[in-house]
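Engineer: Sharing a structure with you now.
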Amino acid sequence: MGDLMKSAILCGLCIGSAVADIDCVGIPSSVRTWGDGNGYLAVTLNGYSGGSWILCGYDQTVGSVTPTVCKGILATLLTGLVAQRPVDILFGTYTDCASVPGFDTTLPGRLKYVTAL
């Protein structure tokens, strides 16, 4: 493969990595639910500002996250909160954790997973 082609591929990779999946790792400082008919579940992680991240709805599917999966996420977050252990939240299409919007109901559509560490 020629040097020009290699440069073009590398440039494409650099541009593509500007917005990608991003892991946000931290200890939950707040786990909140809203019983307003949507049953949203939100978390705030230590070390991140910008408000709580709405991850799912435990009463209805929000984004691609079903209520069953949401209840599993709630259990993971509560375990992290009580044990003061970090969780890993993977979002798609953000440049960094600071760019993940707080209190945004479209966020569950970008949620990839939540796991305890």
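Engineer: Suppose we keep only residues that are touching a residue at least 40 places away in the same chain (Cβ under 8 Å) and touching a helix residue (DSSP H, G or I) at 6+ places or on another chain (Cβ under 6 Å) within segment 58-84. Which one would you say is nearest to Thr115 (Cα to Cα)?
Structural biologist: Applying the first criterion (touching a residue at least 40 places away in the same chain (Cβ under 8 Å)) to segment 58-84 yields 62-65, 73-74, 76-78, 80-81, 84.
From what is left, the residues that are touching a helix residue (DSSP H, G or I) at 6+ places or on another chain (Cβ under 6 Å) are 62-63, 65.
Details: Val62: 19, Gly63: 18, Val65: 14 Å.
Top of the filtered list is Val65.
Engineer: Now for a separate question. Only one of Thr106, Thr93 is out of contact with any Cys (no Cβ under 7 Å at 6 or more places or on another chain), within 16 Å of Gly39 (Cα to Cα) and polar (S, T, N, Q); which?
Structural biologist: Numbers: Thr93 fails: within 16 Å of Gly39 (Cα to Cα).
One residue alone meets the criteria, Thr106.
Engineer: Moving to a separate point now. When segment 49-78 is examined, which residues are found to be β-branched (Val, Ile, Thr) and either surrounded by 14 or more Cβ atoms within 10 Å (Cβ to Cβ) or within 13 Å of the chain's Cα centre (by Cα) (or both)? Reasoning before the result, please.
Structural biologist: We begin by selecting, within segment 49-78, every residue β-branched (Val, Ile, Thr); these are 54, 61-62, 65-66, 68-69, 73, 76.
Once the filter is applied, which keeps residues that are β-branched (Val, Ile, Thr) and either surrounded by 14 or more Cβ atoms within 10 Å (Cβ to Cβ) or within 13 Å of the chain's Cα centre (by Cα) (or both), segment 49-78 yields Ile54, Thr61, Val62, Val65, Thr66, Val69, Ile73, Thr76.
Engineer: Just to be sure I understand the filter: pairs with C-beta atoms under 6 Å, separated by 6 or more residues or on different chains, first member in segment 92-111 and touching a residue at least 12 places away in the same chain (Cβ under 8 Å), second member outside any helix (DSSP H, G or I) and polar (S, T, N, Q). Which pairs pass?
Structural biologist: Going by the 6 Å Cβ cut-off, the qualifying pairs are Gly102/Ser52; Arg110/Thr93.
Engineer: For segment 63-83, which residues satisfy the criterion of being touching a Gly at 6+ places or on another chain (Cβ under 8 Å), hydrophobic (A, V, I, L, M, F, W, C) and either more than 17 Å from Leu107 (Cβ to Cβ) or outside any helix (DSSP H, G or I) (or both)? Write out each step before concluding.
Structural biologist: So in segment 63-83, the residues touching a Gly at 6+ places or on another chain (Cβ under 8 Å) come out as 63-65, 67, 70.
Remaining after also requiring hydrophobic (A, V, I, L, M, F, W, C): 65, 70.
Val65, the sole residue that qualifies.
Engineer: Assess whether Gly50 counts as being among the small types (Gly, Ala, Ser) and free of Cβ contacts under 8 Å to residues at least 12 places away in the same chain. Show your work before the answer.
Structural biologist: Values: among the small types (Gly, Ala, Ser): yes; free of Cβ contacts under 8 Å to residues at least 12 places away in the same chain: no.
No: the conditions fail for Gly50.
Only the coordinates and a few stated rules stand behind these numbers; no lab work does. The shown structure was predicted, so the numbers you read here are calculated from the model rather than taken from an experiment. For neighbour counting, all protein chains shown are included, and Cβ atoms are generated from backbone atoms with ideal geometry for every residue, glycine included.
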